[in-house]
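Student: I have a structure I would like to understand better, so I am pasting it below and will then ask my questions one at a time.
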Amino acid sequence: MLDKIRDFAEKYDMLHPGCIVVCALSGGADSVCMLYAIRELSFEIGFDVEALHVNHCLRGEESDRDEAFCRELCRNLRIKFNSVSCNVKEYSAEKGLSCEEAARELRYSIFRKYTCGKILSTAHNADDNLETMILNLIRGTGLKGMTGIPPVRENIIRPLLNVSRKEIEQYLKVIGQTYVTDSTNLTDDYTRNKIRHKIIPLMKEINGSLTETSARTAHVLRIENKLIETKVNETMEKCFYNGVFTGLNGYNEVIRNRCISRYLIENGFPVSHKKLDECGRIAVNGGKLNISGNFYFISDGTITKIQEIKPTNNFENAVSTELKIGENSIFPNTKLICELVNCENLEKNDIVHRKSTFYLIDYDKIIGKAVVRNRKSGDKIRLSGRSFTSSVKKIINETIPVSLRSTIHFIEDEQGTIFGEKIGIADRVTPDENSSRLLKITIKRERMECVT
């Protein structure tokens, strides 16, 4: 197994004489195996090894047990050890993230702080990569997502990415080294665990060598993706200058859409398959597409760019602010209250209608940043359960009293309007049987009951 890790590290130029490699050490089998492997390679290549443990403080005594195990292991191996604790639950509530997402953000923030000028080695293995490939496939991805976890990214290396979990456990058994087990990895509470415990075992019934073949597939896809990225770099050099594309319409669709994707991401706009398809057509045929707020993707078929176009409408007192969990206030004496709740706390099929005292939105279907605002000219929404898009102005004129029209709330994400007070929610953010996190929206006005 060490030969396999050594060859993989050489292939991706991970380790160099004189460097400092910080091993992200959780105490689990993967990270313990990695620590031993990196330590062995340090003797051959000539670099220093350190270990960093992040205590997420989520499992009480078990979390403290893991930290103590890592500390003792590094003492025995004479490896410099650091441990950092963080409050995941508090950060999760503050940012409106799941515990899994919050833990990852905090963990990598700590990694960045403690590995400046050093190399960070994480213990992702071939099974982790397979899980990531399946997860990306489920969520919807292109070739880049199907390459899985990158072997090298910035100062992060993953030397075990070509080694299976089975090989890791066998190695530790041979050398007689124990490790700890995170009890949360044994449950199906997280999406990745469901893939690990349910989907992959079924796939291995079809192909017993699934982990190995997926590792080879990921390698081939990385090579093909690298070729495409090289072509994209060449195209950007030829036809992109000072924020404007010239002649992008003359390139292959794959290259063209990769260029557009990079352009949108570098300018802070979210990317989806639908948006890329629409921008690609506009780059070839000309046209204009709203991509966020007052920003539009514009092309005449030759010149393509992002341009801010400020609205000229009758709503001169436009108000808008980023939506946050908790109280949002854009009108006097009125509050729009957002609560993030687990689907288990509500009926799965409780799709809220107009007479309810609150609205429910599938939080995970919101695209990019969401804002709460007043109405604006040209507002449209495809309401839940409908197959057509409605004019907000028409709905307001037909159903909402004149006294309320100037102070009704709207919420929009990076793809458009998803909520209108007294109107309803958009079909694309409607909760369904797969929903796990819901955004509960309540609107309160002083000296009035909850208005819906």
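Bear in mind that the values in this text are calculations on the coordinates, not laboratory data. Just so it is clear, the structure is predicted and the values come from calculations on it, not from any experiment. All Cβ positions, even for glycine, are placed from backbone atoms using ideal geometry, and neighbour counts span all protein chains on display.
Student: By how many degrees, 0 to 90 and rounded to 10, does the Cα axis of helix 273-285 deviate from the longest principal axis of the chain?
Tutor: Helix 273-285 sits roughly 70 degrees off the main axis of the chain.
Student: Let me ask you something else. Students often forget the sequence filter, so: which aspartates and glutamates lie under 13 Å Cα-Cα from Lys226 once same-chain residues fewer than 8 apart are removed?
Tutor: Reachable aspartates and glutamates: Glu234.
Student: Moving on to the next point. For the chain, what does -39500 (n - 2.57) per DSSP helix run (n ≥ 4), summed and divided by total residues, give at 222 nm, in deg cm²/dmol to the nearest 500?
Tutor: My calculation for the chain gives -12000 deg cm²/dmol from helical runs alone.
Student: With θ set to phi - 60°, apply the Karplus curve 6.51 cos²θ - 1.76 cosθ + 1.60 along the stretch 365-372 and write out the HN-Hα couplings as whole Hz, x wherever there is a Gly or Pro.
Tutor: For the stretch 365-372, the Karplus-derived couplings read 8, 5, 9, x, 7, 10, 10, 9 Hz, x marking Gly and Pro.
Student: Name the residue from Ala370, Tyr171, Gly420 whose Cα lies farthest towards the positive end of the charge dipole of the chain, charges +1 on Cβ of Lys and Arg and -1 on Cβ of Asp and Glu.
Tutor: Sorting the options by dipole projection puts first Gly420.
Student: In nm, to one decimal, how far is the Lys324 label point from the Glu212 one, both placed 7 Å along Cα→Cβ?
Tutor: 5.5
Student: Share of Cα-Cα pairs in the stretch 103-153 beyond 19 Å, in percent?
Tutor: Tail of the P(r) past 19 Å holds 40 percent of the pairs.
Student: Taking amide H positions as placed in the peptide plane 1.01 Å from N, state which residues far from Val22 in sequence (5 or more) or on other chains have amide H under 5 Å from it.
Tutor: Under 5 Å from the amide H of Val22: Glu50, Ile119, Leu120, Ser121.
Student: Treating only the Cβ of Lys, Arg, Asp and Glu as charged (+1, +1, -1, -1), what charge dipole size does the chain show about its Cα centre? Round to the nearest 20 debye.
Tutor: I would put it at about 1300 debye.
Student: Another question, then. Exposed loop sites here are GluC sites (Glu not before Pro) in DSSP loop states with at most 11 other C-beta atoms within 10 Å. What is the longest stretch of the chain lacking them?
Tutor: In short, 155-315.
Student: Same structure again: Whole-Hz Karplus ³J(HN,Hα) for the stretch 373-378, in order, using 6.51 cos²θ - 1.76 cosθ + 1.60 and θ = phi - 60°, x for Gly and Pro?
Tutor: For the stretch 373-378, the Karplus-derived couplings read 8, 8, 5, 9, 4, x Hz, x marking Gly and Pro.
Student: Something else about it: Please state the relative contact order of the chain as a whole percent: Cα pairs under 8 Å, 6+ residues apart?
Tutor: 11
Student: Something else about it: Quick one: which residues, 5+ away or cross-chain, put their amide H under 5 Å from the amide H of Leu383? H built at 1.01 Å from N.
Tutor: Amide H neighbours of Leu383: Ser390, Asp427.
Student: Once the piece of chain linking Ile400 and Phe43 is laid out straight, how much longer is it, given 0.36 nm per residue of separation minus the C-alpha distance between them?
Tutor: The span from Ile400 to Phe43 would gain 121.0 nm if fully extended.
Student: Taking amide H positions as placed 1.01 Å from N in the peptide plane, with prolines and chain starts having none, which residues 5 or more places from Lys369, or on another chain, fall under 5 Å of its amide H?
Tutor: Glu414
Student: Nearest 10 degrees, 0 to 90: what angle lies between the long axis of helix 61-77 and the longest principal axis of the chain (Cα atoms)?
Tutor: Around 40 degrees separate the two axes.
Student: Now, a different point. Sum up the lysine pairs in the stretch 375-452 that clear both bars: alpha-carbon distance under 17 Å and a spacing of 8 or more or different chains.
Tutor: 10
Student: Continuing with the same structure: For the stretch 292-309, take each phi angle, set θ = phi - 60°, evaluate the Karplus expression 6.51 cos²θ - 1.76 cosθ + 1.60, and give the result in whole Hz per residue in order, putting x for glycine and proline.
Tutor: So the Karplus estimates, Gly and Pro as x, are 4, x, 9, 9, 10, 8, 10, 8, 9, x, 10, 8, 10, 7, 9, 9, 8, 10 Hz.
Student: I'd like the orientation of helix 2-11 relative to the chain: the angle between its Cα long axis and the longest Cα principal axis, in ° from 0 to 90, rounded to 10.
Tutor: On a 0 to 90 degree scale, this one is about 50.
Student: As an exercise, find the ratio Rg/Rh for the stretch 392-452 from alpha-carbon atoms, using the Kirkwood inverse-distance average for Rh.
Tutor: 1.00
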